[in-house]
1. Could you calculate the FRET efficiency of Asn53 with Thr80 from 1/(1 + (r/R0)^6), where r is the beta carbon distance between them and R0 is 45 Å, rounded to 0.05?
2. Assuming R0 = 35 Å, what is the FRET efficiency of Cys22 and Tyr124, from their Cβ-Cβ distance, to the nearest 0.05?
3. In nm, to one decimal, how far is the Val179 label point from the Ser142 one, both placed 7 Å along Cα→Cβ?
4. Sort 114-123, 99-108 by packing, meaning the average of other beta carbons within 10 Å per residue, with the highest value first.
5. I'd like the distance separating the alpha-carbon centroids of segment 15-37 and segment 82-127, in whole Å.
6. Report the gain in length on full extension from Phe29 to Tyr105: 0.36 nm times residue separation, minus Cα-Cα distance, nm rounded to one decimal.
7. Label 7 Å along Cα→Cβ of Glu115; segment 164-187 residues with amide nitrogen under 16 Å?
8. Nothing charged except the Cβ atoms of Lys and Arg (+1) and of Asp and Glu (-1): what's the magnitude of the dipole of the chain about its Cα centre? Round to the nearest 20 debye.
Amino acid sequence: MFKNIKILPLAVSFIVFCLMECFLMFPDFFYVALIFINLIIFHISFQTIKQSNTKEKWYNFFILPSFFTTSAACYSIMLTNNWTIQFIFVLTSVFIYLYFRQVYYYIVIPERYKENALENFSSYGNFLVMFFSFSVLYGLQSFLNIPIHILILVLVPVIWLVSYQVIWTNKIDMREGIVFILINTLILTELAWAASFLPQSYNTIGLIVAICYYMATGIVRFSLNQKLQNIRHKTRQYLVFGIACILIILLTSKWI
């Protein structure tokens, strides 16, 4: 397909954008487009690893961009404003380009890689994955009356793999990280079920649960990495920021 991994990020981001535009114009093409998008992301992940000397596994670089594009695509079909849809498409293509550029620097040209760039970039990307995924979950519950327990069971593997991706990206020992993955998956699953009873829009509930994910992940990320001497101070910052955001959202959003 593409042999020069230097141009792969740009080429892939352009193709992803075009495929998303295709299923916008031809809705019946949606599932086919998603399959092609994920195959392309698999290709760039595999080729980048293949042409480098790293011992990393290709699937570690596949999880985040695959979930990002899939969740963003599913979220876009629930929107009615064309400008918002186009913004999601542009955001997705830009994310794909920037992510794989960082991956390229990380494993092919490490001297040009900025410390913690991939970790921080993945952190924001995972937050958006959670927002898109939970919003879709509550949207399907509202629009199609699908039982919430069925939707949550479908989402559990996503929570598990995103949590794994956080542990891997931050180079945390998997023997310690597996506990976080289990607890994070359990907490978010229960929280997602409880939040489904809130009388608010699917976007609002999805954002609230995503903020809870961001708080939990941020605290554990720094705690397990032991990069900060004052863990309590950082924990307090995450809690205050997260709770303040949730309160603002609840106070300013419309109740159904």
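1. For Asn53 and Thr80, the calculated efficiency is 0.40.
2. That pair, Cys22 with Tyr124, gives E of 0.80.
3. 3.9 nm
4. So the peptides 114-123, 99-108, ranked by packing, come out 99-108, 114-123.
5. Segment 15-37 and segment 82-127 have Cα centres spaced 21 Å from each other.
6. Working: separation 76, 0.36 × 76 = 27.36 nm, distance 3.42 nm.
Gain on extension, Phe29 to Tyr105, equals 23.9 nm.
7. 170-171
8. Numbers: 16 positive and 9 negative charges, 136 e Å.
In debye, rounded to 20, the chain gives about 660.
Just so you know, all these numbers are worked out from the coordinates, no wet-lab data involved. Remember, predicted model here, so these are calculated numbers, not experimental data. Virtual Cβ from ideal backbone geometry, glycine too; neighbours counted across all protein chains shown.
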